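Taking it in order: structure first as structure tokens, then the write-up.
Please treat every number below as a calculation from the coordinates, not as lab data. What you are looking at is a predicted structure, and each value in this text was computed from that prediction instead of being measured. Virtual Cβ from ideal backbone geometry, glycine too; neighbours counted across all protein chains shown.
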Amino acid sequence: MEAEEEYLEAEENLEAIITRIEHKSRKIETLLKQSKPVDALKTALEGSALKTRDERCKSANWIVVHRAVMAIKDVDGMISSLDPEYYDILMKYLYRGLATGDRPTCDQCLRIHEKLTEKAGLGCILRSLSDTVNTV
Amino acid sequence: MAAVAVHQFAECITCHAWSPDQSMVAFCPNNSEVHIYKLFGEKWEKMHVLSKHDQIVCGIDWSLKSNKLVTVSHDRNSYVWSQEGTEWVPTLVILRLNRAALCVQWSPKENKFAVGSGAKSICICYYEQENNWWVSKLIRKRHESSVTNVAWHPDNILLATTSTDGKCRVFSTYIKGVDSKESESSSSDLKFGEQIAQLDLSVTWAFGVRWSPSGSILAYAGHNSMIHFIDDVKSNPSAQSIPLRDLPLRDLLFLSDRVVVGVGFDCNPMIFTADDTGLWSFTKFLDQRKAAPSSSRGSQLSEAFGKLYGTSKQVPSNDTVEPSKTRGGAHENCITCIVPLWKRGNTTLCRFSTSGLDGKVVIWELDIPK
């Protein structure tokens with residue numbers, strides 16, 4: 001009985017999460033049109049529902065983050081203006097990007113990975129690899 | 001440079017402990033023996049080799065008042081060694097484990113010792129005078145995986161443990177006849193094996209749990225490069241988790257209620273301090289390296305990253321010569337064990353020793369601001 005209730009509650013939350021991601025997507029498109037790729041990335045990383053186990057939510061969020069990541073041209077500038085609290089989340093998404101095998105995505109992710117590691121250190125990589133609870 | 005002395009004893013050291021007068025050091029050189037060395041002037045001489053265990057000795061503790069050595073091994077046994085004349089006489093302690101023992105520590109009053117094991121249990125051993133042997137009582141509940149470290153609270157009753165299930169737990173080890181009823185502890189806490197608290201801060205393996213000297217703060221390291229500090233575990237726990245910049249820690253030591261030293265895979269002790277409000281933060285690395293921090297990763301790591309990024313990474317010239325891991329610091333490999341060295345009469349700790357997989361024992365000394 002309890003498991004069922006939890007499941008239903010999770011269902012409602014999923015819809016709320018998907019709506020939020022769609023919201024984010026529109027906001028990011030606007031920011032990109034205004035040539036603000038760094039703000040777009042921050043918006044994409046903010047409020048990522050890491051605890052959910054639903055693949056659709058994760059994929060939806062990944063698509064949004066991917067769009068923002070590919071739009072970054074000045075990697076150094078982006079890293080220096082990103083808040084440290086986003087380092088770990090960004091690193092997790094970079095690994096997801098590297099896992100796609102898609103050439104342009106991998107090139108971009110690798111470029112950002114290099115700079116992020118310089119800034120955030122090896123601890124950041126460790127946290128993204130070892131965290132099996134909050135996944136992207 | 002805060003490292004006062006560096007001694008290369010073996011290829012690799014699993015764990016070490018010092019004698020009460022700090023003239024002798026006992027360590028396991030990654031085999032089933034315990035070697036005891038004594039310092040004569042400037043030279044170390046091998047005094048004794050204790051070889052009763054069948055497998056690697058993974059925990060050694062030397063009691064400061066009663067001068068007894070306790071060793072635990074992967075062979076599921078434990079021996080308490082007493083020095084009689086020039087010989088060390090072992091007493092077998094039957095732990096009743098079906099998996100390896102992983103760590104051991106004498107309690108503050110040295111009437112008990114705790115053993116963490118891979119059998120997801122802890123053994124609390126105490127001496128029974130009538131039968132002249134050590135009895136082991138097991139705490140089998142609660143742990144979901146191997147117990148990596150144990151730490152005694154100054155009150156001799158509470159025991160904190162860290163485990164590979166990522167959690168840190170606090171248990172009561174009150175034993176009737178061994179422990180006297182203290183007026184401060186409430187009677188409900190006194191049941192043996194009762195879990196007082198469980199901390200879920202880490203999702204990865206947890207190591208190196210320690211209590212502060214006053215017993216009010218608990219600290220442990222997570223394998224995801226984080227260190228956790230918990231204030232007031234018993235009644236109103238408040239936690240602080242600090243993400244580390246580099247590699248994870250394996251062991252910790254409280255120098256005072258405000259200063260913690262962490263050691264681990266960075267091969268360099270890290271100092272953490274708490275400010276007046278109790279907020280902890282990373283202060284500095286203890287060892288000064290010859291190379292600048294950003295290029296001190298060593299040629300192996302730079303090369304690896306170079307291959308990853310597909311460019312020929314500019315390797316600093318001082319690294320290209322040696323493929324070995326020497327980075328100019330005292331330790332060359334992971335530091336796995338940190339032991340306090342109390343100076344007679346001092347109330348604050350400012351000396352400690354570390355041992356690691358490089359086979360070195362390094363003694364460090366610091367000036368701790370009051």
>> Can you compute the equivalent ellipsoid semi-axes for the stretch B:81-140, i.e. the square root of 5 times each eigenvalue of the Cα gyration tensor, sorted largest first and rounded to whole Å?
In response: 21, 13, 12
> Helix B:299-309 sits at what angle to the longest principal axis of chain B, using alpha carbons and giving 0 to 90 degrees rounded to 10?
Replying inline: 70
>> Whole-Hz ³J(HN,Hα) for each residue in the stretch B:89-101, computed from phi via Karplus 6.51 cos²θ - 1.76 cosθ + 1.60 with θ = phi - 60°, x for glycine and proline: what do you get?
In response: 9, x, 10, 6, 10, 7, 7, 6, 9, 10, 9, 4, 8
> So what is the orientation-averaged projected area of the stretch B:98-222, using the convex hull of its C-alpha atoms, in nm²?
Replying inline: 7.5
> Per residue, how much space in cubic angstrom lies within the convex hull of the C-alpha atoms of the protein assembly as shown?
Replying inline: 186
> How about the stretch B:122-230: which GluC sites (Glu not before Pro) there lie in a loop by DSSP and see at most 10 other Cβ atoms within 10 Å?
Replying inline: B:Glu130, B:Glu144, B:Glu184
>> Kirkwood hydrodynamic radius, chain B, all distinct C-alpha pairs: what's the number in Å?
In response: 21.4
> Which whole-number percent gives the relative contact order of chain A, counting Cα pairs below 8 Å spaced six or more residues apart?
Replying inline: 23
>> If the reach is capped at under 22 angstrom between alpha carbons, list the lysines near B:Lys191, excluding any in the same chain fewer than eight residues apart.
In response: B:Lys109, B:Lys112, B:Lys120, B:Lys137, B:Lys141, B:Lys167, B:Lys176, B:Lys181, B:Lys234
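With only alpha-carbon atoms in the gyration tensor, what are the semi-axes of the equivalent ellipsoid for the stretch A:1-134, in Å, largest first? Intermediate values should be presented prior to the final figure.
On the way: eigenvalues 142, 67, 32 Å².
Output for the stretch A:1-134: semi-axes of 27, 18, 13 Å.
In terms of the ratio Rg/(2.2 N^0.38 Å) built on C-alpha atoms, what value belongs to the stretch B:10-108?
On the way: Rg = 12.9 Å, N = 99, 2.2 N^0.38 = 12.6 Å.
Output field value: 1.02.
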